[in-house]
2 protein chains.
Amino acid sequence: MSDLLFQKIREYVKLEDEDILLLEKYFQFKMLDKGDFLFKDGDAVNHATFVNSGLFRTYIIDEHGTEHILQFALPGWWTGDLGSFISGATTKFYVEALENSEVLTITKKSWDELLDKAPFYLDYHRKLLERGLVSTQNRLLETFSTDASHKYRQLMETFPDILQRVPLYMIASYLGMSRETLSRVRNQMVNKK
Amino acid sequence: MSDLLFQKIREYVKLEDEDILLLEKYFQFKMLDKGDFLFKDGDAVNHATFVNSGLFRTYIIDEHGTEHILQFALPGWWTGDLGSFISGATTKFYVEALENSEVLTITKKSWDELLDKAPFYLDYHRKLLERGLVSTQNRLLETFSTDASHKYRQLMETFPDILQRVPLYMIASYLGMSRETLSRVRNQMVNKK
DNA sequence: TTCATTTTGTGACTTAAGTCAATGGTCAGG
DNA sequence: CCTGACCATTGACTTAAGTCACAAAATGAA
């Protein structure tokens, strides 16, 4: 089991050796090939997933059949569907590996047990949620800037690495614009500056 | 001190009499007139605010001077700026009372103490965060539906009460469209159906 | 009731982005 | 080296929504 999870948890709380042993009991290591799905629309998501290596996208397909990417998940991030995970309802999302990836998964049952018996995990989870909420809010704020080129610039600043690893049509989908529009935006940026 | 807070907490966790006494020690009751601000851009937000009665809006002013409404807060909801509250950084938001309102506020210091000594509050806070994250995500999803009338219909379904209490130009701002567009959308709905 | 302020509605015009369709590039597998 | 799948670009055209300007309601304080 890779150390990335422990390292990330340590960014928030103190971890003793016995805590690590506990974590190792609860998490399962899993490898996925590029193109594999963690889950799809209609599934009940009873796992939480920590990305160890690779890259994931979470997207939804709307009534016109168009994909909208909600989130990319890089190593060290969590992915999944919190709503489905906590409520037990089926999900509307798809989570797909965009590269060969390694993850750690934990079932809802184990998750609840862990929260129950390990105060450090409770604390970690809380801080994770707080930061998650803030960053989802920031994502929402970015959609307010109506201008397409502005949105693209903002993404370049916050997640330059994602641009290198993901086809442009997915970037467009993440930013809420057509791939043609993104193409033109990029073109203008080269010519103008 | 009104009972709404206790009632809301009870939706998530069990509350004993002594818990209530504890809460009463930590929260402060406050009244605001219509037009008053909880805080403004540039302030450090070291309070969390529970809405007891009335109505609030959280908005941001972008580089063109345009307001974008992030959230309305009805009685029983929390408002403020979580990012600023947890990090201590200054906020970019404005929170304004849209009606004469009553709130309960708690300082960051008290908040942390409460989390520390009252497990029920920790639990409540966690569940609140989980639900908050899910609903912010849903708000983000709604911005993906490109069509203006669709967005308006969706708001009518989820928060019909807000429509009654808030001027239309604020609804437009919340939905990310100009007030003229909203006006036309509403008009078409009357004529078509 | 009156008057000022705030809010909403409409028409004319502009503009940013979407759509459609064709083209060209890149890369992996045979 | 060829082929097909996938991805990006570009041009022509369409369309939804924004902007501007003005008028009409609605509201609320005096």
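Read-outs: derived from the displayed coordinates by stated rules, not from any lab. In this text, all values refer to a predicted model and were calculated from it rather than measured experimentally. Counting neighbours? That spans all protein chains shown, and the Cβs are built from the backbone with ideal geometry, glycine included.
Okay, here's what the table says:
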{"read-out": "Charge tally in the Cβ shell below 15 Å around residue B:165, where Lys, Arg are +1 and Asp, Glu are -1, residue B:165 excluded", "value": "-1"}
{"read-out": "Other-chain or far-sequence residues with amide H under 5 Å of residue B:70's (modelled H)", "value": "B:58, B:59, B:60"}
{"read-out": "Copies compared at residue A:36 - label distances in nm, ascending, label defined 7 Å from Cα in the Cβ direction", "value": "5.7"}
{"read-out": "Principal-axis tilt of helix B:17-26 within chain B, Cα atoms, nearest 10 degrees", "value": "70 degrees"}
{"read-out": "Label-point gap, in nm, between residue B:112 and residue A:44 - each point 7 angstrom along Cα→Cβ", "value": "4.1 nm"}
{"read-out": "Crossing angle, helix B:148-158 versus chain B [Cα axis fit, 0-90 degrees, rounded to tens]", "value": "40 degrees"}
{"read-out": "Among A:26, A:164, B:182 the positive-end extreme of the charge dipole of the protein assembly as shown (Cβ point charges)", "value": "B:182"}
{"read-out": "Alpha-carbon centroids, the stretch B:154-193 and the stretch A:94-152: separation in whole Å", "value": "32 Å"}
{"read-out": "Lysines with Cα under 18 Å of residue B:151, excluding same-chain neighbours fewer than 8 positions away", "value": "B:192, B:193"}
{"read-out": "Cα convex hull volume per residue for the protein assembly as shown (Å³)", "value": "163 Å³"}
{"read-out": "Exercise: per-residue mean of other protein chain Cβ atoms within 10 Å, B:62-71", "value": "3"}
{"read-out": "Counted charge near residue A:46, where neighbours are those whose Cβ lies closer than 15 Å (Asp, Glu -1; Lys, Arg +1)", "value": "0"}
{"read-out": "Residue among B:107, B:181, B:49 with the largest mean-square fluctuation in a Gaussian network model of chain B, springs linking Cα atoms under 10 Å", "value": "B:181"}
{"read-out": "Within chain B, helix-based [θ] at 222 nm, where runs of 4 or more DSSP H residues each add -39,500 (n - 2.57), nearest 500", "value": "-15500 deg cm²/dmol"}
{"read-out": "Equivalent ellipsoid semi-axes - Cα gyration tensor, chain A, angstrom", "value": "32, 18, 16"}
{"read-out": "Separation of the residue B:14 and residue B:66 label points, Cα + 7 Å toward Cβ, nm", "value": "5.2 nm"}
{"read-out": "Net +/- balance of residues flanking residue B:145 in space, Cβ distance below 10 Å, scoring K and R +1, D and E -1", "value": "-2"}
{"read-out": "Degrees, to the nearest 10: B:179-192 long Cα axis against longest axis of chain B", "value": "70 degrees"}
